[in-house]
1. Taking the inverse of the average 1/r across all pairs of different Cα atoms in the range 86-228, what Kirkwood radius in Å do you get?
2. Using only helices, what value at 222 nm comes out for the chain when you add -39,500 (n - 2.57) per DSSP H run of length 4 or more and divide by the total residues, to the nearest 500 deg cm²/dmol?
3. So for the range 410-499, Kirkwood radius off the Cα pairs, Stokes-Einstein at 20 °C and 1.002 mPa s: how many µm² s⁻¹?
4. Give a quick list of GluC sites (Glu not before Pro) in the range 367-462 that DSSP marks as loop, anything other than H, G, I, E or B, with at most 13 other Cβ atoms within 10 Å.
5. State to the nearest 20 debye the size of the charge dipole of the range 86-228 about its Cα centre, where the only charges are +1 on K and R beta carbons and -1 on D and E beta carbons.
6. Take the alpha-carbon centre of the range 143-185, take the same for the range 43-75, and report the distance between them in whole Å.
7. What Rg and what Dmax come out for the chain when only alpha-carbon atoms are used, in angstroms?
8. Sort out for me the Cα centre separation of the range 271-295 from the range 246-270, rounded to whole Å.
Amino acid sequence: MGKVAFATAVTCAAAACAVTALVVRQRMQSSVRWASVDAVMRELEERCATPVGKLRQLADAMAVEMHAGLAAEGGSKLKMLISYVDNLPTGDEEGLFYALDLGGTNFRVLRVQLGGKEGRIVRQEFEEVSIPPHLMIGGSDELFDFIASALARFIASEGEDFHLPVGRQRELGFTFSFPVRQISIGSGTLVKWTKGFNIDGTVGEDVVGELSRAMERQGLNMRVSALVNDTIGTLAGGRYHDKDVVAAVILGTGTNAAYVERVKAIPKWQGLLPKSGETVINMEWGNFRSSHLPITEYDRALDDVSLNPGEQIYEKLVSGMYLGEIFRRVLLRLAQEAALFGETVPAKLEVPFSLRTPIMSAMHHDKSPDLTVVDTKLNEVLGILNTSLQTRKMVVQICDIIAKRSARLAAAGIVGIVKKVSRARDNARELPRMVIAMDGGLYEHYKIFSESVQSTIKEILGEEASASVVIKMANDGSGIGAALLAASHSHYLELEQSL
Ligand code: BGC
């Protein structure tokens, strides 16, 4: 074929493809039942609505539940677990400490050389390892052996820049981001698994014991000096850099908060704690429940088939593990009832958790005039081709409704803590500066989400009061925080003090 003839053939073929795509798109668009789409969307908007009045009620409910959970065991859906952290880092910590941070699909191991007041964090190194999905729902030895062997490899790779004093055992801060009933700073029993983990026979078991046995099996000579939730680690890490940190919030795969409480405000542990001073409470706010929460049929259906039905309801409305799945469920209904993606429902759309929150975030942030990112993601992730711009706009609108509901509910939770903490501060007329240490991929990477959290706090509290509430991103706060807590609760400090 001559050059001209070839070029003409190519051009014609391309034109034919474009025409076919247009025809398919037009057919798809014309088959969409827009009246049904509108009805589903209207209902979604109504059910997800979070007017500021409702958010204020939720913030009050959060503060009330905090009181109830502190008053008596089982007094609230909020577990309000004691952390036994009574020495938050001061900056004086010195030496080489380790952390293991487990709480999602990845875990991190970390070492940090602390140089006291002057040197601060002299050097740190970390490694991230992803957990094979079958280990998240298997046996405990398999999971803990996998973790301990990664830790052993990490220790084996230690360079000469890190110094452990001769004769000392390595000390580890273990961030375990699940609800744990602590017995002391260095031990506790698992209350339940969350975020898709379900390990046989471990509920009620000694978490540090499980890890220590696995470390022994790997020939690792290491002592767990602090067992902490990620919220506690984040709070400790935040405090190291800023004295005004009063609480920590995690908005990631899961969600939770911790805050500093006066011991005398905790009736249920009177006797177990010193008579005065402060301690840190792991709220386990993911289990918060209130009649004011805007719950839809999609949330109920998701909860019914979850590993923990009826539990962690706030977490299921707010956290990164679930937003993509709620989004998928709305799209599926629109595909089934309104033929949003043509007469056949895309098979991948029927697969639970096929739409992860980072994909939803990418679509939500699409600023291109034709929404090409939405187009590409629908194609790549769900195998959906040839959507109209109108359909793609609809998809973005759904992301907006789901993400903003989540962000606004998280903001209400934060205001609940602010209310509880500021009331405790002698009814000061002016709110003191209160820093919330924040961690979690949802907040860090989903910009529309984090902006909405911030603007909603302003909306609830008003311009003036909200100026005292500062949210500070504490990247990897929970890992460093756990190492810092291992340092401030070091076994050797206790020994030195007792000499
Ligand atoms: C867990 C918490 C944890 C939070 C954030 C929740 O599912 O119950 O203990 O702090 O996730 O990781």
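Please treat every number below as a calculation from the coordinates, not as lab data. What you are looking at is a predicted structure, and each value in this text was computed from that prediction instead of being measured. Reconstructed Cβ throughout: ideal geometry from the backbone, glycine too, with neighbour counts over all protein chains shown.
1. Here the Kirkwood hydrodynamic radius works out to 15.9 Å.
2. On the way: 18 runs with 240 residues, N = 499.
Helices in the chain give a 222 nm mean residue ellipticity of -15500 deg cm²/dmol.
3. My calculation gives 139 µm²/s for D.
4. 430
5. 160
6. Measuring centre to centre over Cα atoms gives 38 Å.
7. In Å, with Rg to one decimal and Dmax whole: 25.5, 95.
8. Using only Cα atoms to place each centre, the spacing works out to 5 Å.
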